[in-house]
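To start, the structure itself, in structure tokens.
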Amino acid sequence: MKTAQHAGAPSHEGRRRWRRLQYGIAGAASLLGVALLLSYRYSPNRPVEYEAIEDHFKYGSIGGDTESGLPLRVVEILPRLFREHMPPGPPDYTAFGFIQEPGHVMPIGFSVRRRGIDLVGLNCAVCHVGSVRAAPDAAPVRYLAMPANTVDLEAYFDFLSRCAEDPRFTPDRVLAELEKDGALFPIERSLYRTAVERMKAGLAFRQRTLAGFRFPDHPRFGPGRVDTFNPYKSGPFAAYYQDGIPDEERIGTVDFPSVWNQKMREGMHLHWDGNNTSVSERNVSAAFGAGATREDVDLPRIMRIKLWLDQLPASAFPFEGSADRAMLQRGEALFEGRCASCHAPSGAYVGEVVPIEEIGTDEHRLNSYTTKLQQIQRAYGEGYDWEFKHFRKTNGYANQPLDGVWARAPYLHNGSVPTLWDLLTPAERRPTRFYRGHEVYDPARVGFRTDIREIEGRPAFLFDTRLPGNSNKGHTGERYGTELSDGDKSALIEYLKTL
């Protein structure tokens, strides 16, 4: 006998329809969830964000990870795929002097952006985070906005180029290596296969760019140095240099500068030769050097860094200085009498350009930046928000305030003088060859020790001042303090440690 159906109870057909509706909604939600996940995972131009400004400075994007970005997972495995192309030292990117922090796949100075797959590029910190050791066996201490004294960018780019030129660098081999760390989705395999081919082509172009201003006696950059402007002449501006770069312009290697206390530098002549007076333009120009293009330079994220660096104070001298008040007062008087007009924040000539005939230092960096290049830069930026309006050709090198001068070693624009003591020595008696690129500090002479040949398996770089562009001449004579007595030099150096 059929039982009576309760009033208001759904029929069997109604329940079936309800279940089908529920299943349909659940299926649609699942598909939508998968679509959203894939959209989020493979969406273009989504840089990794950092809340803390220090992390943003060290790892945040400035646009160099867009068109110039390299596939992160491929870059990550290159040291184990091509160990033979690495320099002596650890089997990772610290072999190039980069600073690796726990919890990060790549070192300081590398940003990550999602653009189909994770891409990695360079940012400000690659040139502006340094480290110091009290002794060879002591742990290094890192300082933000200090010159990256250990980083050898030329060696890093050479490694990438050698990997790209190696016939074993194929999509199949890279994919096989990637899958040792975990299986790839089919879409990922397709994306990485394309990315490897693009990477090979991009690195080949970059190698041609670097080769365009090298010649047999061109000195290596070495750690802590880079040629700022010449790569443009054989890169984005190559059409203007179809007959090649004139020999007198080809060497423009300089030390990385410190970048703290930027607000007080606004309006001063910036870059070593003082060719710009705008901090913002200087920052955009530096972003191009890190791989950004005029279309994807990330102005908001660069501005976030700028506002922080405007107020960031110089790092204090980390070692014990003299407690002799009389010596410090003697050093301060010497500074006021000999240095303050050019190097105190309120000095009459601070931020001004000293003619090359007067300062007498190596002229190669000055000669590498020309009126022609200035005009090309201005044309390159026309119509963009960051348009270059302040670049100019100068006839010398710019004075700068000496805040945190202890951390700026080696000295002079090309890093040719290892310590402040050597800078206060007549040029003809300064070291001709010395080791640099390690972190072991000499607190007495104020600079990095010149006798350290290796740290933790990573060789130091032998710097030779006899090579073109590496001269340690200039900034010498009575006016510059090189004729002071040893006692006066010691007093002056003790005072400089306090700046």
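The values are calculated or read from the model by the stated rules, or taken from the named source; none is laboratory data. Predicted, not measured: the structure shown is a model, and the values here were computed from it. Neighbour counts are summed over all protein chains in view; Cβ atoms, including those assigned to glycine, are modelled from backbone coordinates with ideal geometry. Quick note on the areas: whole protein, heavy atoms, side chains included, nothing else; ligands and nucleic acids left out. Shrake-Rupley method; radii C 1.70, N 1.55, O 1.52, S 1.80 Å.
Please work out how much length the chain gains when fully extended from Ala238 to Glu177, using 0.36 nm per residue of separation minus the C-alpha to C-alpha distance, in nm with one decimal. Intermediate results must be reported in sequence, preceding the final value.
Values: separation 61, 0.36 × 61 = 21.96 nm, distance 3.66 nm.
In short, 18.3 nm is gained.
What accessible area per residue, rounded to a whole number of Å², is obtained for the stretch 188-259 using a probe radius of 1.4 Å?
On the way: 3180 Å² over 72 residues.
Roughly 44 Å² per residue, with all protein chains present.
Tell me, what % of the accessible area of the chain is carbon and sulfur with a 1.4 angstrom probe? Let's see the in-between values first.
On the way: 12540 of 22810 Å².
Summing carbon and sulfur atoms, their accessible area is 55 percent of the total for the chain.
Quick check: net charge around Val353, other residues with Cβ under 11 Å of its Cβ, Lys/Arg +1 and Asp/Glu -1? Provide the component values of the computation, followed by the final result.
Values: positive: Arg392, Lys393; negative: Asp273, Glu352, Glu358.
With Lys, Arg at +1 and Asp, Glu at -1, the neighbours total -1.
Which of rounded, prolate, oblate describes the stretch 348-387, given a ≥ b ≥ c as roots of the alpha-carbon gyration tensor eigenvalues and a/c under 1.5 marking rounded, otherwise prolate only if a/b is larger than b/c? Before the final figure, lay out each step's value.
On the way: a/c = 4.32, a/b = 1.85, b/c = 2.33.
Oblate, because a/c is 1.5 or more while a/b does not exceed b/c.
Filter the chain for me: DSSP H helices, axial length by Cα at least 30 angstrom, mean Kyte-Doolittle hydropathy not below -0.5. List them by residue number.
Numbers: long enough: 12-41 (43 Å, -0.17); 186-211 (38 Å, -0.40).
Sorted by number, the helices that extend far enough and score high enough are 12-41, 186-211.
For the chain, just the Cα atoms, rotate onto the principal axes and tell me the three extents in Å, largest first.
121, 55, 48
If you filter the stretch 414-489 for trypsin sites (Lys or Arg not before Pro), then keep DSSP loop positions with at most 13 other Cβ within 10 Å, what is left? Before the final figure, lay out each step's value.
Working: sites: Arg429, Arg433, Arg436, Arg445, Arg449, Arg453, Arg466, Lys473, Arg479, Lys489; in loops: Arg445, Arg449, Arg453, Arg466, Lys473.
Sites meeting the loop and neighbour criteria: Arg453, Arg466.
Anything over 18 Å Cα to Cα? Flag those among Lys372/Lys473; Lys372/Lys393; Lys233/Lys372; Lys233/Lys393, in the order listed.
Details: Lys372/Lys473 28 Å; Lys372/Lys393 9 Å; Lys233/Lys372 10 Å; Lys233/Lys393 16 Å.
Exceeds cut-off: Lys372/Lys473.
Sorted by mean Cβ packing within 10 Å, highest first, what order do the peptides 95-102, 268-275, 389-396 take?
On the way: 95-102: 18.2, 268-275: 23.1, 389-396: 16.6.
The most tightly packed comes first, giving 268-275, 95-102, 389-396.
Any idea what the dipole of the chain comes to, in debye rounded to 20, about its Cα centre with Lys/Arg Cβ at +1 and Asp/Glu Cβ at -1?
Charge dipole, the chain, about its Cα centre: 2300 debye, nearest 20.
Mark the label point 7 Å from the Cα of Leu467 along Cα→Cβ and return the residues of the stretch 146-167 whose backbone N is within less than 12 Å of it.
From the stretch 146-167, the list is 154-155.
Quick one: Cα centre-to-centre distance for the stretch 424-499 and the stretch 301-338, in angstrom?
About 19 Å separates the Cα centre of the stretch 424-499 from the one of the stretch 301-338.
Among Tyr93, Ser68, Val105, flag the residue with its Cα farthest along the positive direction of the charge dipole of the stretch 52-166, charges on Cβ as +1 for Lys/Arg and -1 for Asp/Glu.
Projecting each Cα onto the dipole axis, the largest value belongs to Val105.
Once you sort the root eigenvalues of the Cα gyration tensor of the stretch 243-305 as a ≥ b ≥ c, which label holds: rounded (a/c under 1.5), prolate (a/b larger than b/c) or oblate (the other case)?
Values: a/c = 2.32, a/b = 1.32, b/c = 1.75.
Oblate is the answer for the stretch 243-305, as a/c is 1.5 or above yet b/c matches or exceeds a/b.
Remind me, relative contact order of the stretch 216-354 in percent, using alpha carbon pairs under 8 angstrom and six or more residues apart?
On the way: 115 pairs, mean separation 30.3, N = 139.
Relative contact order for the stretch 216-354 comes out at 22 percent.
Could you grab the relative contact order for the chain? Cα pairs under 8 Å, six or more apart, rounded to a whole percent.
Numbers: 892 pairs, mean separation 79.4, N = 499.
Computed value for the chain: 16 percent relative contact order.
Once label points are set 7 Å from the Cα along Cα→Cβ at both Asp385 and Leu81, what is their separation, rounded to one decimal in nm?
Roughly 3.6 nm, to one decimal.
Please identify the GluC sites (Glu not before Pro) of the stretch 271-355 that satisfy two criteria: DSSP loop assignment and at most 13 other Cβ atoms within 10 Å. Which are they? Walk me through the numbers on the way to the answer.
Values: sites: Glu281, Glu295, Glu320, Glu332, Glu336, Glu352; in loops: Glu295, Glu320, Glu352.
Answer in residue order: Glu295, Glu320.
What whole-number value in Å² describes the accessible area per residue of the stretch 398-466 for a 1.4 Å probe?
On the way: 2420 Å² over 69 residues.
Per-residue value: 35 Å².
Tell me which of Ala238, Gly415, Pro171 sits at the most positive position along the dipole axis of the chain, charges placed on C-beta atoms (Lys, Arg +1; Asp, Glu -1).
Pro171
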